[in-house]
Amino acid sequence: MTESCRGAVTGETGDDTLWAARHAVLAAGYGGRPDPDDPAQVLAMPIVLHIPKADPPPRSALLEAAATAAVALCLDPRVGPDETGAPGPWQEDYLAWIGSRIRKVTRRARGAGWRAAQEVDGITVDVDGAQARALVPVAVGALDPRIRKLQIGGTDLDHDDPGEIPDGDPVLWINSALDMTVGKAAAQVGHASMLLAGAMTTEQARAWAATGYRCTVRDADVGLWEELTIEVVRGRAIAVRDAGFTEVAPGSMTVIACP
């Protein structure tokens with residue numbers, strides 16, 4: 001699909017009942033179903049980051065695009081039933097994924113590779129010229145060849161200074177002490193945006209959708225991170241704890257989302 005976030009990012013959230021049903025799935029949390037014995041059957045949401053060689057985007061804007069794309073896909077009309085009760089075209093794959101151990105795999109693309117990624121079912125988000133595309137979850141062994149050929153690692157972006165935090169935006173704070181690559185960080189902020197939407201009431205999530213799931217991503221230094229962890233304990237913020245498959249130790253707190 002070549003469209004961007006369509007209704008999810010324009011605020012056209014559709015029928016109240018259908019919207020509430022999609023949000024209820026996200027609010028229920030991850031199923032935690034054990035991994036299949038065959039590693040090729042492990043389900044993951046691919047995220048593709050557009051990183052041109054000549055003019056790469058700011059890191060923070062690219063991560064904001066990734067976070068927005070992930071949550072937008074999870075609440076898109078195509079992951080739920082339509083008005084007749086028939087399943088949407090992405091529903092089966094999405095429900096299978098969210099019922100298991102949630103994984104995201106980030107890849108980078110430029111040129112023809114980025115254009116080809118637009119032909120695979122998913123949602124593209126542009127934040128100030130930085131673009132990311134979240135794709136419909138799939139078994140890693142069945143990944144579309146156009147996506148499989150894209151590199152997972154090998155490129156990172158310098159930390160930027162994006163300026164003041166816009167009023168009213170949820171903030172996804174990254175644990176800077178972990179020094180995650182942009183690909184790893186993109187997966188983590190994608191987790192955070194999903195957790196944040198799931199923790200909202202249906203009305204709050206729908207209001208967020210009306211903004212296009214606008215969010216801000218920032219790095220937190222050691223002192224700020226300690227303050228944020230206290231907010232998590234108090235129930236005023238939401239933490240992402242990583243399973244530790246790549247880059248960080250199991251149980252590491254990678255991102256804290258503050259509504």
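Key figures for this structure:
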{"quantity": "Count of residues meeting criterion [open to solvent by 30 Å² or more (accessible area, probe 1.4 Å) and assigned to a helix (DSSP H, G or I)] in the range 70-110", "calculated": "6"}
{"quantity": "Check on VAL9, surrounded by 18 or more Cβ atoms within 10 Å (Cβ to Cβ) and modelled with pLDDT under 95", "calculated": "yes"}
{"quantity": "Residue within the range 50-69 that is closer than 12 Å to MET194 by Cα and outside any helix (DSSP H, G or I) present", "calculated": "no"}
{"quantity": "Matching residues in the range 226-241 - criterion: being open to solvent by less than 90 Å² (accessible area, probe 1.4 Å), out of contact with any helix residue (DSSP H, G or I) (no Cβ under 7 Å at 6 or more places or on another chain) and closer than 24 Å to ALA65 by Cβ", "calculated": "LEU228"}
{"quantity": "Residue within the range 34-42 that is among the aliphatic types (A, V, I, L, M) and within 13 Å of the chain's Cα centre (by Cα) present", "calculated": "no"}
{"quantity": "Some residue of the range 26-45 being in a strand (DSSP E or B) and at pLDDT below 90", "calculated": "yes"}
{"quantity": "Filter result (open to solvent by 20 Å² or more (accessible area, probe 1.4 Å) and outside any loop (DSSP other than H, G, I, E, B)) within the range 128-149", "calculated": "GLN131, VAL138, VAL140, GLY141, ALA142, PRO145, ARG146, ARG148"}
{"quantity": "Members of the range 186-209 that are open to solvent by 10 Å² or more (accessible area, probe 1.4 Å) and among the hydroxyl-bearing types (Ser, Thr, Tyr)", "calculated": "THR201, THR202"}
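The values are calculated or read from the model by the stated rules, or taken from the named source; none is laboratory data. Because the structure is a prediction, the values reported are computed rather than measured. Every residue, glycine as well, gets a Cβ built from its backbone with ideal geometry; the counts of neighbours run over all protein chains shown. Accessible surface is based on the protein model in full, side chains and every heavy atom, while ligands, DNA and RNA are left aside. Shrake-Rupley method; radii C 1.70, N 1.55, O 1.52, S 1.80 Å.
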